[in-house]
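Engineer: Mind having a look at this structure? Questions to follow.
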Amino acid sequence: MKLKKELTFIHVFCIATGAMISSGIFILPGLAFARTGPSVVISYFLAGILAIIGIMSIIELSTAMPKAGGDYFFINKTLGPFVGTISGFLGWFALSLKSAFAIFGISEIVFLVTGINIFISSVVICSFFVVLNIAGVKEAAKLQVTLVIGLLILMLLYTILGLPKIDTSNFTPFTPEGVNPVFSTAGFIFISFGGLLKVASISEEVKNPQKNIPLGMITSAVAVTILYTLMLIVTVGVLDPGTFINSLTPIADSSKIIMGTPGFIAISIAALLAFITTANAGIMSASRYPLALSRDNLLPDGISKINKKSKTPAISIFITGLFIILALLLPLEILVKAASAVVLTSYVLTNISVIILRESKLKHYKPSFKTPFYPWLQILGIIVFSFLLVDIGLEAIEISLSFLLFSILVYIFYGRKRFEGEYALLHLLKRITDKRLTEHLFETELREILRDRDNIISDKFDNFVRDAKVLDLDDPLELDDFFAIISEHISETIEIGKDEIFSLLKNRQDDCNTAITPFLAIPHIIIDKSNQFFLMLVRCKQGVKFTLKENSVKAIFVFVGSKEDRVFHLRTLAAIATLVQEKDFEKNWLDAENINYLKDMVLLSKRMRFFGKEQAP
């Protein structure tokens with residue numbers, strides 16, 4: 001069962017924005033300031049720029065393959081199930097850890113107000129978001145939009161009122177620990193931008209993903225980078241360095257100086273809203289990783305089951321909630337470092353994926369957004385993100401390695417024997433080694449993804465094309481020789497002798513020329529038998545001589561139908577005739593690598609589809 005496409009641009013923007021704005025700005029600045037001083041402003045800005053570079057590849061992959069699981073799906077279909085399984089679990093862990101970080105923030109506020117134990121309130125809060133997400137993605141997204149709008153208003157208010165009260169002396173010395181901590185701190189707080197991965201994981205549920213995913217993600221990344229930087233300038237300029245370095249609530253502390261108690265309350269509310277939006281978006285998107293792994297038989301089938309009423313992956317959401325509760329037992333700084341390390345690993349792998357997919361020359365890899373400056377931007381991303389990953393520290397890498405080991409064990413003992421499919425790396429190897437490495441399975445999967453992305457709904461003609469016989473002929477042919485060849489193939493499927501079929505084809509051609517252009521012909525006959533339909537696609541590279549004028553016809557669609565199905569017969573003629581209007585049809589037909597690509601050309605065409613009583617084949 002498919003997930004419902006209910007998310008628009010505003011949903012994409014708010015899910016990405018809400019997923020980013022949380023503990024990363026309301027708690028982390030104090031820890032970051034302790035590492036690099038006032039230059040923490042540059043660290044946040046740099047992390048934002050790197051996030052924008054990183055998401056370029058993610059956006060390209062998301063528009064080419066808008067499927068649940070986001071970066072896992074891309075990496076699995078690029079590098080294979082072994083790396084894909086690792087990526088899927090790492091992505092799941094990263095977003096779950098970030099959600100746990102946000103839930104910790106909510107529980108901290110609840111503790112300050114009520115005194116309720118942090119872990120107990122965390123379990124209750126996590127359970128609420130699990131139930132909300134099981135109820136439906138649209139319901140969860142509506143809440144997200146409302147909360148994010150309120151959050152942005154409060155953050156802008158803080159920035160506008162705080163700028164006039166900046167004390168420039170607080171920025172001296174700007175880099176007390178030197179330049180290197182500025183870059184290492186950017187890696188440490190990179191989790192603040194990790195929410196951008198969340199949109200990729202729910203891309204299957206986005207309407208018009210070709211437009212809404214790039215626009216929503218880029219707008220969100222730019223807006224949050226600018227907002228973070230301005231807020232940090234205000235906070236460094238207003239808050240005493242001694243207070244800042246020891247504060248877990250630096251934005252709230254500085255808002256009290258700027259606006260008094262009302263300001264402290266307003267920013268505390270903003271922080272609460274931020275934690276809620278991140279936790280909500282985190283559970284929504286993290287739960288799509290187990291769903292995608294299960295669809296590929298790398299986890300048990302039951303995990304991918306979709307709730308019939310809400311159209312949400314209820315079991316996957318529930319499992320994600322349990323993992324988040326367990327993650328809350330980790331110390332705060334380790335939680336942040338581990339999540340950042342896993343997000344950086346995902347960025348490295350997605351950049352590698354884009355390079356492999358492009359160099360594989362897959363016909364159906366058709367992203368609506370292509371990363372600029374290819375491949376230099378990908379290479380830069382791989383180098384920089386790898387550097388930041390190493391610089392985070394040993395503890396985070398050890399936790400990431402433990403997650404990696406767990407992923408490997410799951411693949412070895414469960415997924416390895418069950419996975420069936422192809423991936424882009426095989427197609428790249430095929431280009432330089434053995435042409436027999438692939439069987440068009442991945443291209444077929446990409447074709448179906450494109451049909452779903454572009455909202456192409458199959459009609460009866462498409463269903464016959466999938467099962468059609470395809471001939472790929474090299475030598476030039478006279479018409480009688482051509483009719484003799486196809487008559488033999490038709491007689492194997494329809495119980496009529498090949499001589500009779502040959503005669504019917506000849507009579508039809510004599511009555512009316514079936515070559516409708518010098519490139520395309522549609523030989524078609526009607527027979528007396530009931531419930532019969534036969535379709536054949538033929539490419540003759542040197543051409544078939546239909547008439548003196550149409551003496552080199554290279555695209556030929558042959559079909560045979562029953563008398564009682566004349567309506568479908570006429571619609572088939574119309575469907576084939578409109579194919580020649582497709583841009584570059586003739587060139588693409590001749591350039592198609594094999595018979596599978598010939599079929600795919602028809603299945604992916606933008607022709608009008610006909611639906612009616614004869615829909616079912």
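The values are calculated or read from the model by the stated rules, or taken from the named source; none is laboratory data. The shown structure was predicted, so the numbers you read here are calculated from the model rather than taken from an experiment. Cβ sites come from the backbone with ideal geometry, for glycine too, and all protein chains shown count toward neighbours.
Engineer: Conditions: (1) more than 30 Å from S368 (Cβ to Cβ); (2) touching a helix residue (DSSP H, G or I) at 6+ places or on another chain (Cβ under 9 Å). N280 meets all but one. Number of the miss?
Structural biologist: Answer for N280: the failing condition is (1).
Engineer: All but one of (1) under 15 Å from I10 (Cα atoms); (2) surrounded by 21 or more Cβ atoms within 10 Å (Cβ to Cβ); (3) at pLDDT 90 or above hold for T219; which doesn't?
Structural biologist: Every listed condition holds for T219 apart from (2).
Engineer: Pull out all pairs, ordered by first then second residue, where Cβ-Cβ is under 7 Å, the residues are six or more apart or on different chains, the first lies in the range 437-460 and is in the same structural domain as A64 (by TED's automatic domain parsing) and more than 18 Å from E6 (Cα to Cα), and the second is acidic (D, E) and modelled with pLDDT of 75 or more.
Structural biologist: That search, which allows pairs on different chains as well, returns nothing.
Engineer: Only one of these is touching a residue at least 40 places away in the same chain (Cβ under 8 Å), aliphatic (A, V, I, L, M) and crowded, with 24+ Cβ neighbours inside 10 Å: L328, L291. Name it.
Structural biologist: After ruling out the rest, the residue left standing is L291.
Engineer: Would you check if A270 is assigned to a helix (DSSP H, G or I), at pLDDT below 85 and touching a Phe, Trp or Tyr at 6+ places or on another chain (Cβ under 6 Å)?
Structural biologist: No, not satisfied.
Engineer: Is it the case that some residue within the range 58-79 is more than 28 Å from K311 (Cα to Cα), surrounded by fewer than 24 Cβ atoms within 10 Å (Cβ to Cβ) and touching a helix residue (DSSP H, G or I) at 6+ places or on another chain (Cβ under 9 Å)?
Structural biologist: Scanning the range 58-79, I find at least one residue that is more than 28 Å from K311 (Cα to Cα), surrounded by fewer than 24 Cβ atoms within 10 Å (Cβ to Cβ) and touching a helix residue (DSSP H, G or I) at 6+ places or on another chain (Cβ under 9 Å), so the answer is yes.
Engineer: Here is a list: N513, N531. Which entry is at pLDDT 85 or above, surrounded by fewer than 18 Cβ atoms within 10 Å (Cβ to Cβ) and farther than 30 Å from Y365 by Cα?
Structural biologist: Sole residue among the options that is at pLDDT 85 or above, surrounded by fewer than 18 Cβ atoms within 10 Å (Cβ to Cβ) and farther than 30 Å from Y365 by Cα: N513.
Engineer: State yes or no: is S491 assigned to a helix (DSSP H, G or I), assigned by TED's automatic domain parsing to the domain that holds A468 and over 16 Å from F464 (Cα atoms)?
Structural biologist: Against the criterion (assigned to a helix (DSSP H, G or I), assigned by TED's automatic domain parsing to the domain that holds A468 and over 16 Å from F464 (Cα atoms)), S491 qualifies.
Engineer: Looking only at the range 188-216, count how many residues are part of a loop (DSSP other than H, G, I, E, B), under 13 Å from the mean Cα position of the chain (by Cα) and either under 24 Å from L157 (Cα atoms) or modelled with pLDDT under 80 (or both).
Structural biologist: 1
Engineer: Return only the number of the condition from (1) more than 30 Å from I27 (Cα to Cα); (2) among the hydroxyl-bearing types (S, T, Y); (3) in contact with a Leu (Cβ under 7 Å, 6 or more places away or on another chain); (4) touching a residue at least 24 places away in the same chain (Cβ under 8 Å) that T277 does not satisfy.
Structural biologist: Single failed check for T277: (1).
Engineer: Which of (1) over 30 Å from N596 (Cβ atoms); (2) modelled with pLDDT under 90 is the odd one out, the single condition N351 does not satisfy?
Structural biologist: (1)
Engineer: If you don't mind, another one. Would you confirm whether any residue within the range 468-475 is basic (K, R) and buried (at least 17 other Cβ atoms within 10 Å of the Cβ)?
Structural biologist: Scanning the range 468-475, I find no residue that is basic (K, R) and buried (at least 17 other Cβ atoms within 10 Å of the Cβ), so the answer is no.
Engineer: Take K256 and decide whether it is outside any helix (DSSP H, G or I), farther than 26 Å from I52 by Cβ and free of Cβ contacts under 8 Å to residues at least 60 places away in the same chain.
Structural biologist: No.
Engineer: Look at I251 and say whether it is surrounded by 20 or more Cβ atoms within 10 Å (Cβ to Cβ) and in contact with a Leu (Cβ under 7 Å, 6 or more places away or on another chain). Before you say what the answer is, go through the steps one by one.
Structural biologist: Details: surrounded by 20 or more Cβ atoms within 10 Å (Cβ to Cβ): yes; in contact with a Leu (Cβ under 7 Å, 6 or more places away or on another chain): no.
The answer is no for I251.
Engineer: Since V544 meets every condition but one in (1) out of contact with any strand residue (DSSP E or B) (no Cβ under 6 Å at 6 or more places or on another chain); (2) buried (at least 17 other Cβ atoms within 10 Å of the Cβ); (3) at pLDDT 90 or above; (4) not basic (K, R), which condition does it not meet?
Structural biologist: Failed condition: (1).
Engineer: While we're on this one: What are the residues in the range 479-516 that are in contact (Cβ under 8 Å) with a residue 24 or more places away in the chain, in contact with a Leu (Cβ under 8 Å, 6 or more places away or on another chain) and not hydrophobic (A, V, I, L, M, F, W, C), if any?
Structural biologist: The answer is H489, Q509.
Engineer: Go through (1) under 14 Å from F190 (Cα atoms); (2) modelled with pLDDT under 85 for G381 and report which single condition fails.
Structural biologist: The single condition G381 does not satisfy is (2).
Engineer: Anything in the range 516-528 that is surrounded by 16 or more Cβ atoms within 10 Å (Cβ to Cβ), closer than 13 Å to D565 by Cβ and of a type outside the set (A, V, I, L, M)? List them, or say none.
Structural biologist: Listed by number, the list holds a single entry, H524.
Engineer: For V580, which of the numbered conditions (1) surrounded by 13 or more Cβ atoms within 10 Å (Cβ to Cβ); (2) modelled with pLDDT of 80 or more fails to hold?
Structural biologist: All conditions are met except number (2).
Engineer: Follow-up. Within the range 1-58, which residues are of a type in the set (S, T, N, Q) and assigned to a loop (DSSP other than H, G, I, E, B)?
Structural biologist: T8, S22
Engineer: Looking only at helices (runs of 4 or more DSSP H) that lie completely in the range 72-181, which have at least 1 residues being among the charged types (D, E, K, R), modelled with pLDDT under 80 and within 30 Å of I258 (Cβ to Cβ)?
Structural biologist: The helices (runs of 4 or more DSSP H) meeting that bar are 81-114.
Engineer: Let me ask another. If I283 satisfies all but one of (1) modelled with pLDDT under 85; (2) within 30 Å of E177 (Cα to Cα); (3) crowded, with 24+ Cβ neighbours inside 10 Å; (4) of a type in the set (V, I, T), what's the number of the condition it fails?
Structural biologist: It is condition (2) that I283 fails.
Engineer: How many residues are buried (at least 16 other Cβ atoms within 10 Å of the Cβ) and either more than 13 Å from L537 (Cα to Cα) or modelled with pLDDT under 80 (or both) if we restrict to the range 593-608?
Structural biologist: 3
Engineer: Would you point out which residue out of I125, I166, I118, I134 is surrounded by 14 or more Cβ atoms within 10 Å (Cβ to Cβ) and in contact with a Phe, Trp or Tyr (Cβ under 6 Å, 6 or more places away or on another chain)?
Structural biologist: When all the criteria are applied, what remains is I118.
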